[in-house]
Structure formats: C-alpha cells, structure tokens
1. Could you grab me the full set of residues in the range 158-174 that are within 28 Å of residue 95 (Cα to Cα) and touching a residue at least 24 places away in the same chain (Cβ under 8 Å)?
2. If you go through the range 92-105 one residue at a time, how many are in contact (Cβ under 8 Å) with a residue 60 or more places away in the chain, farther than 18 Å from residue 30 by Cβ and either in contact with a strand residue (DSSP E or B) (Cβ under 7 Å, 6 or more places away or on another chain) or buried (at least 17 other Cβ atoms within 10 Å of the Cβ) (or both)?
3. So, in the range 24-54, how many residues would count as being closer than 30 Å to residue 139 by Cα and out of contact with any helix residue (DSSP H, G or I) (no Cβ under 6 Å at 6 or more places or on another chain)?
4. Looking at 210, 150, which one is assigned to a loop (DSSP other than H, G, I, E, B), more than 18 Å from residue 126 (Cα to Cα) and either outside the structural domain of residue 112 (by TED's automatic domain parsing) or modelled with pLDDT of 95 or more (or both)?
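The values are calculated or read from the model by the stated rules, or taken from the named source; none is laboratory data. As the structure is a computational prediction, the values presented were derived from the model and not from experiment. Positions of Cβ are generated from backbone atoms using ideal geometry, with glycine treated the same way; all protein chains shown enter the neighbour counts.
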C-alpha cells in the first residue's frame, strides 16, 4: 500500500484507554482519512510506517468497526492539529492532547516526570505510600527512561515487604542504570520514609515509676518502730 499523504489525514484519537496514573504520556495517534474531501472517512491505526510524505498503517473503513477496540476518539472539532512527520501526540496530566515536534514533546514529558518524582518523594517522607506510588507511576508513564520513577516505586514495595515487586522495578530500571546505583537510591528513600527512632523515644513513652502505696506504708511503719 502506498503511504497516505498527511494532507488527507486528521487526528481522530489515540490507540489506548488510559487511567489517571497513566498520564501524562505519549500516545499513538489514530488518523481519520478523508480521500474524498470528507465524505465517508476511513481510519488509519498503528503500527505505522512513515516516509515519502505520508503514513502507512491498518485501514479501518468505518467508525462502527472501531467499537470493540481499546481506543479513545476525540469529539469532532476538539483538535486543530495538522499531521506532520517527526511529531508526537501526547496527553498532559489533565488529559489535554498536545501535538508537538518529537523533541519538544520528549522535553515536556521528561520535565513532567521530574515534577511527579519530586511530589512522590515528599509523599514518601510523610509515609503516604499509595500517593507516592501513584505519583511514581505517572512519572514512569511520562518518561520511562527516568530512573527515579522506578526507585520510588521500589522503595514503596520494600516498605510494604514485597520483594517480588522490588525485583520487577530493579529489572525495569536495569535497562538504563547500574544495579548498584538503583539499590543505593532505594535504600536512601526507605530510610527517608522510615527514619531511625531516637534512643530517647522509648524513654519518653514509659510510664513514670512511682513507689507502690504498700511500700510507702511499710517504710512509715519501720520509721515509727525505730
């Protein structure tokens, strides 16, 4: 099949159904193809091949045929994006779609990942483990190559005594970082979330030690006899 020219395409949606912890993220677009000037459009689904000024993908002839697929379609008129090569469709944390040159999209998503990790570490320091984990999930969705998102998730799993999930995060992170660096960062965050107790903490909680009434009375009798 010949590539479909970008001039005949518009962005109709994206090839996924996302939960709140899966955004922001880059998504694969679904194109609406209107070779006849808008009448009876078809849809072009990923995976795509690009080149020669157009896109090659799986063509679906009607919107009805999309009903059972795990996709999300935008409402008509929601977007004013002109499809172009070397561009990326991505959603921010509010699910607002953006369409930018690939480098600009990556920069924005990396910045979002750093911000979510900063929030997650503050939550971890307050022992809000679910909140910290959810924020780390958003960081990983935004930029999967940022180590800290996996470190925070592993720290949460270690605090919950789940070594299998710690190992999974270690494996995922090993694609772009040494295991020693990963382990040291996880241990650091675990200490931050569960700081060592002061030696005086237990003393402060102890009940004051007073002599029993019986012992006081016995001492008084001894003094009286003497």
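1. Listed by number, the list holds a single entry, 173.
2. The number of residues fulfilling the criteria is 1.
3. 13
4. Residue meeting the stated conditions: 210.
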